[in-house]
């Protein structure tokens, strides 16, 4: 019985070592955290509790991380401006009203900044891409946000997965997204987040997509990838983000922040 307990104990330790990459050092670079929905009383793979998000912000400050803006990242890319020793970029996808109500007050409280990626066709409507649609911020709400705290980026026009689109469809979608923001008078940064993290697998289609981005002035595109980005960025259209889930434990969040992901074992 004692032998069996020892074996089980060793297996548990090995599993933890593998899952949380305990022997791997933290990766120096730029972690880009990806959030979606927020709630005061529920959590799931896409929904983080407000109190949990606050714990994340407190942890970032305690560990010396400093949130950076896209403006600062562009300055680093263009002029070599030195970033903080431990930079982090916080992003939210889809523009849910709950981001405005629950995330923005905490960002302001802790002196942090974030990027909200908005699918233009959803502005002022509901998240028609979700199984259970939720309210998306209106143009008025987006324009009223403190832009020193929150910057906006493009999240396509109508949240289609770019992996399944043709070059012409991508060109049209990018153009429509840019036009919608300009027509509504909503300021945005020249950055894009792929819906579902998907982008074309075919090299020719991918090349055409990047050309479409360039024609619309887009300088950075964010996927998922679950990796910490090495600096300087190698590919401006393959910036990796780390998906933060409401079901993540505190240990999982800390591991993702420093190493990009936890392993499935």
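The values are calculated or read from the model by the stated rules, or taken from the named source; none is laboratory data. This structure is a prediction, so every number in the text was calculated from the model and none was measured. Cβ: placed from backbone, ideal geometry, glycine included. Neighbour counts: every protein chain shown.
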Among residues of region 231-265, those that are farther than 25 Å from residue 195 by Cβ, in contact (Cβ under 8 Å) with a residue 60 or more places away in the chain and part of a loop (DSSP other than H, G, I, E, B), counted: 4
Odd one out for residue 51 among (1) in contact with a strand residue (DSSP E or B) (Cβ under 9 Å, 6 or more places away or on another chain); (2) over 21 Å from residue 239 (Cα atoms); (3) outside any strand (DSSP E or B): (1)
Checking residue 170 against (1) part of a loop (DSSP other than H, G, I, E, B); (2) more than 18 Å from the chain's Cα centre (by Cα); (3) within 20 Å of residue 206 (Cβ to Cβ), the condition it does not meet: (1)
Any pair with Cβ under 9 angstrom, 6 or more apart, that starts in region 205-221 at a residue that is at positive phi and touching a residue at least 12 places away in the same chain (Cβ under 8 Å) and ends at one that is in a helix (DSSP H, G or I) and surrounded by 13 or more Cβ atoms within 10 Å (Cβ to Cβ): 217/178
Test: residue in region 106-122 that is within 25 Å of residue 172 (Cβ to Cβ), in a helix (DSSP H, G or I) and under 19 Å from the mean Cα position of the chain (by Cα): yes
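Within region 146-164, identify whether any single residue is over 20 Å from the mean Cα position of the chain (by Cα) and without any contact (Cβ under 8 Å) to a residue 60 or more places away in the chain, and answer yes or no.
Yes; the residues of region 146-164 include at least one that is over 20 Å from the mean Cα position of the chain (by Cα) and without any contact (Cβ under 8 Å) to a residue 60 or more places away in the chain.
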Flag if residue 102 is in contact with a strand residue (DSSP E or B) (Cβ under 8 Å, 6 or more places away or on another chain), farther than 29 Å from residue 122 by Cβ and either modelled with pLDDT of 95 or more or outside any strand (DSSP E or B) (or both): no
